[in-house]
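*Asks:* This is the structure I want to talk about, given as structure tokens.
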Amino acid sequence: MAVHELAPSRYWNTIGSHEPVLTVNDGDRITTSTVDARGWDRHGNSAAMAGNPMTGPFYVKGAEPGDTLVVRFESIVPNREWAWSMDVLAPNVVDPSYVPKLPKAERKRWKINTESRTAQPELESDMIAGLQL
């Protein structure tokens, strides 16, 4: 079993026929990073298009069409001291007839404590101030 370290230089917003960024064997481990759903990197700079960009793809030697691959995340660690989320459901996860009833979405910032791996709202005046995840 090999351990691969990958510093991505490109991210994809589609699942498709992209050239593999890394070739691995069954059982190998990969250490890498990614960007957030808006394409912002750990410094808050735009590194990819918005829309949940992905790291990869990875080519697994010996895998064939129709095979089922098992992927296990051993650790997911925040790489910056802030995050963001929207404060309402995304329109694509509710019944289309309900979309007009959704309130206007606002982006909320969170403070991340990378040591304790916890997050809390950045604004003390926020409706969910005091919440810790």
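The values are calculated or read from the model by the stated rules, or taken from the named source; none is laboratory data. Predicted, not measured: the structure shown is a model, and the values here were computed from it. So basically every Cβ, Gly included, is an ideal-geometry build from the backbone, and we count neighbours across all protein chains shown. For accessibility, only protein heavy atoms count, side chains too; no ligands or nucleic acids. Shrake-Rupley method; radii C 1.70, N 1.55, O 1.52, S 1.80 Å.
*Asks:* Mind telling me which of the residues Ser116, Ser97 ends up being in a loop (DSSP other than H, G, I, E, B) and among the hydroxyl-bearing types (Ser, Thr, Tyr)?
*Replies:* Ser116 is the lone residue from the list that is in a loop (DSSP other than H, G, I, E, B) and among the hydroxyl-bearing types (Ser, Thr, Tyr).
*Asks:* Looking at Ile30 and the list (1) open to solvent by 70 Å² or more (accessible area, probe 1.4 Å); (2) not in a loop (DSSP other than H, G, I, E, B), which single condition is not satisfied?
*Replies:* Of (1) open to solvent by 70 Å² or more (accessible area, probe 1.4 Å); (2) not in a loop (DSSP other than H, G, I, E, B), only one is false for Ile30: (1).
*Asks:* Residue by residue through region 52-62, note down the ones that are within 13 Å of the chain's Cα centre (by Cα) and assigned to a strand (DSSP E or B).
*Replies:* The answer is Met54, and nothing else.
*Asks:* Next question. For Val24, only one of the following conditions fails: (1) exposed (fewer than 13 other Cβ atoms within 10 Å of the Cβ); (2) at pLDDT 95 or above. What is its number?
*Replies:* (1)
*Asks:* Follow-up. Kindly establish whether Ser85 is hydroxyl-bearing (Ser, Thr, Tyr) and either more than 15 Å from the chain's Cα centre (by Cα) or in a strand (DSSP E or B) (or both).
*Replies:* Here the answer is yes, as Ser85 does meet what is asked.
*Asks:* Then there is this: List every residue pair whose Cβ atoms sit under 8 Å apart, with the two residues 6 or more apart in sequence or on different chains, where the first one lies in region 12-27 and is farther than 14 Å from Gly51 by Cβ and the second, anywhere, is among the aliphatic types (A, V, I, L, M) and assigned to a loop (DSSP other than H, G, I, E, B).
*Replies:* Val21/Leu6; Leu22/Leu6; Val24/Ala2; Asn25/Met1; Asn25/Ala2; Asp26/Ala63; Gly27/Met1
*Asks:* Among the residues of region 40-51, which ones are open to solvent by less than 100 Å² (accessible area, probe 1.4 Å) and part of a loop (DSSP other than H, G, I, E, B)?
*Replies:* Asp41, Gly44, Asn45, Ala47, Ala48, Ala50, Gly51
*Asks:* Could you please tell me which pairs satisfy a Cβ distance under 8 Å, a separation of 6+ or placement on different chains, a first residue in region 102-119 that is open to solvent by 90 Å² or more (accessible area, probe 1.4 Å), and a second residue that is charged (D, E, K, R)?
*Replies:* Taking only residues 6 or more apart or on different chains, the pairs are Glu106/Asp87; Arg107/Asp87; Arg109/Glu122.
*Asks:* When you scan region 5-20, do you find a residue that is in contact with a Leu (Cβ under 7 Å, 6 or more places away or on another chain), outside any strand (DSSP E or B) and on the phi < 0 side of the Ramachandran plot, even just one?
*Replies:* Checking region 5-20: at least one residue is in contact with a Leu (Cβ under 7 Å, 6 or more places away or on another chain), outside any strand (DSSP E or B) and on the phi < 0 side of the Ramachandran plot.
*Asks:* Kindly check whether there is at least one residue in region 24-34 that is small (Gly, Ala, Ser) and more than 15 Å from the chain's Cα centre (by Cα).
*Replies:* Yes, there is a match, as at least one residue in region 24-34 is small (Gly, Ala, Ser) and more than 15 Å from the chain's Cα centre (by Cα).
*Asks:* Continuing with the same structure: Tell me yes or no: at least one residue of region 63-74 is open to solvent by less than 80 Å² (accessible area, probe 1.4 Å), under 29 Å from Glu5 (Cβ atoms) and either in contact (Cβ under 8 Å) with a residue 24 or more places away in the chain or in a loop (DSSP other than H, G, I, E, B) (or both).
*Replies:* The answer is yes, given that some residue of region 63-74 is open to solvent by less than 80 Å² (accessible area, probe 1.4 Å), under 29 Å from Glu5 (Cβ atoms) and either in contact (Cβ under 8 Å) with a residue 24 or more places away in the chain or in a loop (DSSP other than H, G, I, E, B) (or both).
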